[in-house]
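Trainee: Quick one: the structure is below, questions incoming.
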């Protein structure tokens with residue numbers, strides 16, 4: 001029952017994020033959607049992922065999007081930002097959802113037996129990260145460094161040379 | 001309606017909403033928001049299968065999501081840097097106006 | 001006897017819960033703990049407002065408030081009545097819903113940080129396996145509320161203040177988390193209860209607190225500087241400086257919402273000090289081995305009051321930093337030192353016990369500090385200070 005409430009909250013936030021005209025309201029609805037998803041992760045027993053979702057998505061990605069909105073002055077202009085071909089986009093999304101829903105309801109995995117709550121203590125996560133997933137950990141460190149340097153380089157103002 | 005089916009349907013709905021937004025809206029930042037929603041839907045899918053699938057003690061699903069969150073943050077940073085840089089050139093974030101190969 | 005005094009609140013809660021019907025018991029136990037936490041920290045907030053004003057007054061060579069009650073201690077009561085009865089003005093162009101929700105989100109995020117702080121032996125609201133991570137997740141929601149406050153006022157100065165505040169908070173979160181990771185590494189767990197228990201031993205009369213090691217001392221100093229910046233306290237209070245930008249992101253708030261902002265900021269400050277105490281100062285353990293008969297919660301609050309006094313002292317003493325000086329300090333000075341501190345913690349852990357690891361780690365902490373300080377401060381000349389007292 002709790003899962004249903006937060007699922008509806010997440011969906012409402014996502015729908016509002018995609019359909020509101022004011023960009024900052026859209027980002028706030030997105031934050032609600034992220035929060036709802038974090039609670040769903042906690043309900044499924046994935047504590048580390050739930051807290052990491054709040055810390056990274058709400059505390060960093062959403063604020064980054066807000067900064068970009070303010071730096072590109074998109075908050076002031078209230079121009080219509082729905083293109084002429086919105087029917088095609090909507091139909092595509094509906095078709096994708098239809099296929100996914102059919103696949104989910106007709107697959108054998110969905111009708112399996114209920115499992116007991118698995119245990120995912122921090123000790124096990126730490127062991128997994130350092131032993132089995134050590135190489136992906138290093139790779140993601142490299143990736144984040146490259147993304148940091150790249151983002152700073154792309155977004156910095158170009159020095160005007162002598163014209 | 002098993003719990004797994006509920007989670008998967010939620011994930012599919014979130015993905016469809018994100019996809020609809022990314023295809024329909026013309027503001028570059030809203031397209032990026034749609035992409036973030038799609039990534040979140042995929043993460044939920046992984047966690048649902050970690051919880052209700054075989055071998056949850058291997059923690060594979062959870063690890064995948066941890067790295068996916070990291071990659072999504074990096075991609076959001078670079079994408080927004082690109083949008084800011086684009087804004088400086090054409091003074092607009094409407095992706096319909098990014099249609100010339102010169103300049 | 002000391003044991004009974006130590007566990008008196010736990011026993012009180014158990015007695016209260018025993019009087020309720022069996023179905024409601026878990027919920028009732030949580031509700032009692034939450035109400036107790038809220039009451040204690042809200043009254044600590046009231047006491048701190050008076051302490052701060054009187055302390056600042058004395059540092060600035062004047063009396064603080066001394067009209068309301070003896071020595072002014074009933075001043076929070078007067079302040080509370082004033083803020084509750086003031087007219088609630090919302091600008092006409094403001095975004096009403098977001099304007100209303102911003103202080104609510106701030107107070108919610110700030111109070112939820114207390115769930116993982118062990119206030120005494122067996123006195124933690126939620127013994128989460130990933131307690132420190134939950135704490136940082138709750139503190140990053142505070143940044144969102146500050147942006148909401150600044151943007152919804154439709155005021156250029158509010159927005160500017162909010163952007164500066166958010167940039168400052170995000171920048172200082174990095175050294176904050178890196179400094180906490182050293183304590184987590186040394187204790188081997190993200191659970192705050194385990195971290196305090198690892199600091200509960202004594203060699204001779206000295207405790208095993210992490211602050212009494214070279215890396216712990218450096219980590220504690222970094223943590224405290226980052227906490228001062230995260231709470232927008234002086235000398236990092238450019239976003240809300242009264243002489244700079246009126247009141248920054250809460251310019252357009254009046255009456256009760258302003259009081260909620262004030263409350264939220266102070267509660268956030270107490271929570272972060274509480275985490276600093278848990279990670280570095282040994283939580284509820286006594287400082288000397290013959291003082292363990294004093295109840296554990298008294299030690300926690302004594303340390304918390306010490307930290308508050310430090311914050312008030314620093315506020316009254318140091319001048320405000322400019323925005324670019326602030327950001328340079330975070331990214332060019334504190335981040336390299338926090339990373340080197342992380343390496344030092346690892347070295348401490350893997351060297352054998354003895355005088356060698358003290359010397360090596362002390363050198364690894366002090367030398368980068370001196371070199372980085374000299375390197376970044378080239379060309380500054382320090383003149384001898386001249387004090388002028390009010391006559």
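Trainee: Take residue A:37 and decide whether it is away from chain C (no Cβ under 12 Å), crowded, with 22+ Cβ neighbours inside 10 Å and assigned to a helix (DSSP H, G or I).
Mentor: Values: away from chain C (no Cβ under 12 Å): yes; crowded, with 22+ Cβ neighbours inside 10 Å: yes; assigned to a helix (DSSP H, G or I): yes.
Criteria met by residue A:37.
Trainee: Within segment C:278-290, is even one residue modelled with pLDDT of 85 or more, in contact with a helix residue (DSSP H, G or I) (Cβ under 7 Å, 6 or more places away or on another chain) and assigned to a helix (DSSP H, G or I)?
Mentor: There is at least one residue in segment C:278-290 that is modelled with pLDDT of 85 or more, in contact with a helix residue (DSSP H, G or I) (Cβ under 7 Å, 6 or more places away or on another chain) and assigned to a helix (DSSP H, G or I).
Trainee: Continuing with this model, one more query. Which of the residues belonging to segment C:182-201 are farther than 14 Å from residue C:283 by Cα and either assigned to a loop (DSSP other than H, G, I, E, B) or away from chain A (no Cβ under 12 Å) (or both)?
Mentor: C:182, C:186, C:188, C:189, C:190 - these are the residues of segment C:182-201 that are farther than 14 Å from residue C:283 by Cα and either assigned to a loop (DSSP other than H, G, I, E, B) or away from chain A (no Cβ under 12 Å) (or both).
Trainee: Looking at (1) free of Cβ contacts under 8 Å to residues at least 24 places away in the same chain; (2) closer than 18 Å to residue A:26 by Cα, find the lone condition where residue B:56 falls short.
Mentor: Against the list (1) free of Cβ contacts under 8 Å to residues at least 24 places away in the same chain; (2) closer than 18 Å to residue A:26 by Cα, residue B:56 comes up short only on (2).
Let's see how each residue does on (1) farther than 29 Å from residue C:167 by Cα; (2) crowded, with 23+ Cβ neighbours inside 10 Å:
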{"residue": "C:198", "(1), (2)": "yes, no"}
{"residue": "C:202", "(1), (2)": "yes, no"}
{"residue": "C:214", "(1), (2)": "yes, no"}
{"residue": "C:219", "(1), (2)": "no, yes"}
{"residue": "C:224", "(1), (2)": "no, no"}
{"residue": "C:231", "(1), (2)": "no, yes"}
{"residue": "C:236", "(1), (2)": "no, yes"}
{"residue": "C:239", "(1), (2)": "no, yes"}
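Trainee: Could you list, in sequence order, the residues of segment C:134-147 that are under 13 Å from residue C:105 (Cβ atoms) and either at the interface with chain A (Cβ under 7 Å from one of its Cβ atoms) or within 15 Å of the chain's Cα centre (by Cα) (or both)? Lay out the reasoning, then the answer.
Mentor: Start the filter on segment C:134-147 by keeping residues that are under 13 Å from residue C:105 (Cβ atoms), which leaves C:138-147.
Hits for segment C:134-147 are C:138, C:139, C:140, C:141, C:142, C:143, C:144, C:147.
Trainee: Another question about this same structure. Kindly check whether there is at least one residue in segment A:96-109 that is under 28 Å from residue B:19 (Cβ atoms), touching a residue at least 60 places away in the same chain (Cβ under 8 Å) and facing another protein chain (nearest Cβ under 8 Å).
Mentor: Filtering segment A:96-109 down to residues under 28 Å from residue B:19 (Cβ atoms) leaves A:96-109.
Of the ones still in play, those that are also touching a residue at least 60 places away in the same chain (Cβ under 8 Å) are none.
No: zero hits.
Trainee: If we keep just the residues of segment A:113-163 that are in a loop (DSSP other than H, G, I, E, B), at pLDDT 80 or above and more than 8 Å from chain B (Cβ to nearest Cβ), which is farthest from residue B:78 (Cα to Cα)?
Mentor: Taking the candidates together, the pick is A:121.
Trainee: Of A:48, A:34, which residue is under 27 Å from residue C:128 (Cα atoms) and modelled with pLDDT under 95? Break it down into steps so the answer makes sense when it comes.
Mentor: Working: A:34 fails: modelled with pLDDT under 95.
Going through A:48, A:34 in turn, the sole match is A:48.
The values are calculated or read from the model by the stated rules, or taken from the named source; none is laboratory data. Not measured: the values here are computed from a predicted model. Here the Cβ is made from the backbone with ideal geometry for all residues, glycine too, and neighbour counts use every protein chain on show.
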